[in-house]
Every structure is written in C-alpha cells, then in structure tokens.
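One structure below.
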Amino acid sequence: MNHYPQAWGRPRDDVYGPYDNSYFQASAPQTHTQSPAVTGTSVLGVKFKDGVVIAADNLASYGSLARFTDVKRLRTFPPNTVIGFGGDVSDMQYLDRLLQSLDIRENYLSSYGHVLNAKNLHTYLSKVLYKRRSDFNPLWNMLLVAGLDDDDKPFLASADLLGTTFSSPTLATGFGAHLAQPLLRKLMPHDEDSVKDVTKEMAVEAIKACMKVLFYRDARSLDKYSIAVVTKDGVELKEDQKLEDQSWAFADQIRGYGTQVN
Amino acid sequence: MASIMNAGGLPSDQPGYSFSNASAPSESSGPRQHAFNPYTDNGGSTLGVTGADFAILAGDTRSTSGYNINTRYAPKLFRIGDDGDSSSRIVLSVVGFAADGNALKERLDAIVKMYKYQHGKPMSVKACAQRLSTILYQKRFFPYYVHAILGGLDDDGKGALYSYDPVGSYEREQCRAAGAAASLIMPFLDNQVNYKNQYIPASGTGHELQPRAIESLPKEDVIGLVKDAFTSATERHIEVGDGLQMLIITKDGIEEIYTPLKRD
C-alpha cells in the first residue's frame, strides 16, 4: 500500500507486473442513450371514485424478442403511490433506485407526518426526465403515476422522456394509447365529472378487458400482468395475474398468411 | 417576426402543424446521423386581444402527440406571480412544446414572485415582458420551442399584450394568434379587430377609398370574436378542440371562462 489512491485495492506491481492503467482512465467519450434496448410495452391507468387502477404486463422485450417474461413494471412508493413504467427497463431500474433513495432521505429528514403523495412524485419525476432530456441524455421511459393528490382525490398523470406531462381520467402509454385509450374513455363520457360515477369494479373490469385486447393485437405483450388498486387505505398490488377468458376462436378463420396459406 | 420556426421542419415522424414543414434549402444528401430529438409539438392554439381597459387571453385545452389526444384538459394559460391572494394581473400563454412551456412558466412565475417579495410591489407588465424576452434569449442556442403571449394592464390601465417568438423577439400588439391554428385565426383577427381590408362604402374611388377607423372594442364583443375564432379553428384544424379557456384581465382581477369545444 502506498499513498496513491489510484493504487489502492489494485494488484501489487512488484508481484503481478505493472497495472494497465488504461482500464482505470475514462478514455472513452461519455456516451448517451440514442435508443432504448430492453423495453416494456403499454401501461394503463383509470381513475375511479375512491382511487386509481393501474396495470402493465410482465414482459421486457429485446426488440422483437420476448426476452424477460417476469419483469414487474409497477413500482410502489409508500404510503400509496404506484408508478407504471413503459420504455427502457434499465432506465426504469435507475429511476426505481432514485425513488428508493428519495424515500429513505424523506424518512430520515422530513418532519413527522409529512409524506410525498403521487402528485409530488409526479412533479419530481417529470423534472428529472426534463433535466435529462435537456442534457441530451434522456431516460427512455413513459411513466404513469397513480395515487392521491393533496386533497386525497384520485391522481393520475403521465410523464415521458421529453419531460412532457399531462393528466386525464384515463391514460395509456405506448400501443395502449392507440388501442386501449378509446375503450377506457367510454367509462368517462364527461371526463373528470364522470370519475365519481365509476366504481372500483368497473375500473378493474375495463382495465382487464383492455389488457386482453392489447394481448390480442400488441405483438410485444404478454398474458401475465401486474395490476394495482390505489385508494386512501393503501395499495393493493397483484403481480402475477393471468389474462382470463381468452378467446382464440377467431384464429382458425384467418386464412392467407401464417400456417394456413389458402 | 422572422424566426427559427421557418428554418426547417422538426426531424420527427409527427405532423407538427405549429411549425413550418418546409425543409431547409441547404439540406445535403450526405449521410445523416440519427440523434435524439429533444422537441415535440403538442398542438393547440392560443390568442390574445386587448381593449381599452382589459386584455383577453385564450387557448384551447387539447394536448396532442401526433394524431393522439393526450388529454382533453391541459391549460395553456397561466397566472404569473399568483401567490394565492389573487393580486396577479399578468397572464402568460404558451403553445408549442408543452414541457418547455411549463419550464418557461415556472421560471417567469418564480422571478415575478421574487420581484414582489424583494420590492414590495407587483412587477409591471412592461418589465415582465422585457424579462420574458431575456429568459427566452438566454436559451438562444437551445431554445424553448414555444410561442408565448403575455397579457396584462399597463401603467395607464390600458390592456397590454406582448407576443414572442421562441428566441425572445417581442413586440406589443393589439391582437395576436399563435400555435397550430395561428394561420387560420390571425387573418380573422386582422379583419375583425384591426379592420384590415374594411373601407367606408362610397367614400371615394381607388386610393381615395377611406379605410374604416380602428376603435377599441368592448369586452363582450371581443369575447364573441374569441369564441368564433376557436369554434372555426376547431372545424378546420385537427389539433384544436375539446375546450376553450379564456382569462380576462381587468383592474378588478382575472376572470376565467371555460367553454366546451367540439371533441372530434
């Protein structure tokens, strides 16, 4: 051991020969994500009168390869917030670690009885995302944040890799924005005014129906999914749900491609 | 108001109606590197009109990504320097890239509040307008991709309206439309507010024909014009619709009016 910190913890030169310092120096230029690698597909969310339902399937794709089939893309933040991640899975894991350290810091430092609610977390996450896009080093995610706001009212909002944010009684990211959002909007004919007429059962049913539609038509989806119901009483998270009552009866009618060529 | 808006389209697969889609003339056919594009267009339109003792700012509440509607209610109008005692008399409207719009709003709001706390009086619209220009120009080489319109009342109590390009060029005007349907709304405003192409019948022939004199319009008439402008823009532009938010600034405060628009 000598007084050069660079040498600490390295093999001794006199025993193992000179150490290759090129490994130690950051000789390569700093790189930024230009496209996502392992990705998750849609996340769905619906408000109801007492809270929010949010769901995402358990697949992480590598391009068109179904690479990881047991990845939980809903993360909870105590006491009652759930964040659904679409897009890059490694960036999701980074944000998850960031949120865990935020939670620990809050528990140590903030005054008793104060908690970060879903609205606070959405503001925080959207600022992280906007900062990273402004540095040209984006976190390649589309997030839905579900929970309660300052008045314990249902809160559901989205944030994406550009820092764009918006809120709506029903939200869907990715493929779900095309396929599920029109179906979910049927629940809310008068937008925010309709939330009080939607029960938890209605919201869960609608979400399950949409997850099925997505599994039928989204090639990057899976029939195993996670679903969470957030209310004032806490988070009810189920991470190993299977799509029920699938109907593939239409499949043998399809002619002209696949195995039945004519 | 020549601006970077006319310097070429967004490198994006989205429509982006708010910005010119004409490609830059000097575009070469050499190899192009794919890079992360930090901008997007969230559609929508805003407008502002002033009168003798009021200013009206309006914007639709639709937010879009390409052909998707993100939400039917995302306000583009913000009270600036409002700390809960409804003393604010300045409104900012931003249209273009919503994330930049929000960041710009937050910065201006913080500055106007700090001014009030440090000097014990609210900031004038004239000062706020100059400050907004400076904020925009500070990001000259990575601009806030927004068309901003700032409204309030000037030192004489008259309606004041300032419009900006994304890099901070600004001008005080009687009326201005911005955003996706600006090209549809602005000519209507020119004709109905500034009486462009309106002449007094039989007042002469050729160049002798007298133009109709500009007068400051009453508030009720302007509200009618704004509603007409947006219902018409909704008919003709896919990114405009869902709801119309109007903020009317008078010496008594800021009145908010929300009117539904077509949701198709």
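For this structure, a couple of remarks:
- Residues that are touching a residue at least 12 places away in the same chain (Cβ under 8 Å) and in a loop (DSSP other than H, G, I, E, B), drawn from segment B:153-170: B:ASP154, B:ASP155, B:GLY157, B:LYS158, B:ASP165, B:PRO166, B:VAL167, B:GLY168, B:SER169
One line per residue, one yes/no per condition, for (1) away from chain B (no Cβ under 12 Å); (2) over 14 Å from the mean Cα position of the chain (by Cα); (3) on the phi > 0 side of the Ramachandran plot; (4) surrounded by fewer than 23 Cβ atoms within 10 Å (Cβ to Cβ):
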position	(1), (2), (3), (4)
A:ILE104	yes, yes, no, yes
A:SER111	yes, yes, no, yes
A:VAL128	yes, yes, no, yes
A:ASP135	no, yes, no, yes
A:PRO138	no, yes, no, no
A:SER168	no, yes, no, no
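- A:THR76, sole failed condition from (1) within 18 Å of A:ALA228 (Cβ to Cβ); (2) among the β-branched types (Val, Ile, Thr); (3) without any contact (Cβ under 8 Å) to a residue 24 or more places away in the chain: (3)
Here's the yes/no breakdown for (1) more than 17 Å from B:ALA58 (Cα to Cα); (2) at pLDDT 95 or above; (3) in contact with a helix residue (DSSP H, G or I) (Cβ under 7 Å, 6 or more places away or on another chain); (4) β-branched (Val, Ile, Thr):
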{"site": "B:PRO201", "(1), (2), (3), (4)": "yes, no, no, no"}
{"site": "B:THR205", "(1), (2), (3), (4)": "yes, no, no, yes"}
{"site": "B:PRO218", "(1), (2), (3), (4)": "no, yes, no, no"}
{"site": "B:ASP221", "(1), (2), (3), (4)": "no, yes, no, no"}
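- The strands (runs of 3 or more DSSP E) found wholly in segment A:96-186 and carrying at least 3 residues that are modelled with pLDDT of 95 or more and within 15 Å of A:VAL230 (Cα to Cα) occupy A:141-148, A:154-160.
- Residues of segment B:145-155 that are open to solvent by less than 40 Å² (accessible area, probe 1.4 Å) and over 14 Å from the mean Cα position of the chain (by Cα): B:LEU153, B:ASP154.
- Any hit, segment A:174-182, residues being surrounded by fewer than 19 Cβ atoms within 10 Å (Cβ to Cβ), farther than 29 Å from B:PRO260 by Cα, within 19 Å of the chain's Cα centre (by Cα) and of a type outside the set (Ser, Thr, Tyr): no
- Odd one out for B:TYR164, checked against (1) open to solvent by 40 Å² or more (accessible area, probe 1.4 Å); (2) more than 22 Å from B:ASP221 (Cα to Cα); (3) under 14 Å from the mean Cα position of the chain (by Cα): (1)
- Across segment B:180-189, not a single residue is classified as part of a loop (DSSP other than H, G, I, E, B), open to solvent by 30 Å² or more (accessible area, probe 1.4 Å), without any contact (Cβ under 8 Å) to a residue 24 or more places away in the chain and away from chain A (no Cβ under 14 Å).
- Condition check for B:ALA98: more than 13 Å from chain A (Cβ to nearest Cβ) and in contact (Cβ under 8 Å) with a residue 40 or more places away in the chain: no
- Filter pass, A:LYS242 being surrounded by 11 or more Cβ atoms within 10 Å (Cβ to Cβ) and at pLDDT 95 or above: no
- Filter result for A:ASP160 (more than 14 Å from every other protein chain (Cβ to nearest Cβ) and not aromatic (Phe, Trp, Tyr)): no
- Extreme residue, farthest from the other protein chains (Cβ to nearest Cβ), among residues of segment B:137-154 that are closer than 24 Å to B:ALA180 by Cβ and among the hydrophobic types (A, V, I, L, M, F, W, C): B:LEU150
- Counting only strands (runs of 3 or more DSSP E) that sit wholly inside segment B:42-140, those with at least 1 residues that are within 24 Å of B:PRO218 (Cα to Cα), open to solvent by 40 Å² or more (accessible area, probe 1.4 Å) and modelled with pLDDT of 95 or more are B:77-80.
Every residue, every condition in (1) farther than 28 Å from A:VAL115 by Cβ; (2) in contact with a His (Cβ under 7 Å, 6 or more places away or on another chain); (3) among the β-branched types (Val, Ile, Thr), yes or no:
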position: A:LEU148; (1), (2), (3): no, no, no
position: A:PRO154; (1), (2), (3): no, no, no
position: A:PHE166; (1), (2), (3): no, no, no
position: A:THR173; (1), (2), (3): no, no, yes
position: A:HIS190; (1), (2), (3): yes, no, no
position: A:LYS208; (1), (2), (3): yes, no, no
position: A:TYR216; (1), (2), (3): yes, no, no
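- Scanning segment A:38-83 for residues that are of a type in the set (A, V, I, L, M, F, W, C) and open to solvent by 50 Å² or more (accessible area, probe 1.4 Å) yields A:LEU65, A:ALA66, A:PHE68.
- Residue among A:LYS119, A:LYS153 that alone is away from chain B (no Cβ under 11 Å), of a type in the set (D, E, K, R) and buried (at least 19 other Cβ atoms within 10 Å of the Cβ): A:LYS119
- Of the candidates B:SER124, B:SER63, the single residue that is more than 14 Å from chain A (Cβ to nearest Cβ) and among the hydroxyl-bearing types (Ser, Thr, Tyr) is B:SER124.
- Restricting segment A:218-234 to residues that are assigned to a loop (DSSP other than H, G, I, E, B) and among the aliphatic types (A, V, I, L, M), the residue that is most open to solvent (accessible area, probe 1.4 Å): A:ALA219
The values are calculated or read from the model by the stated rules, or taken from the named source; none is laboratory data. Because the structure is a prediction, the values reported are computed rather than measured. No Cβ is skipped: glycine too gets one built from the backbone with ideal geometry, and neighbour counts run over all protein chains shown. With ligands, DNA and RNA removed, areas are computed over all heavy atoms of the protein, side chains included. Shrake-Rupley method; radii C 1.70, N 1.55, O 1.52, S 1.80 Å.
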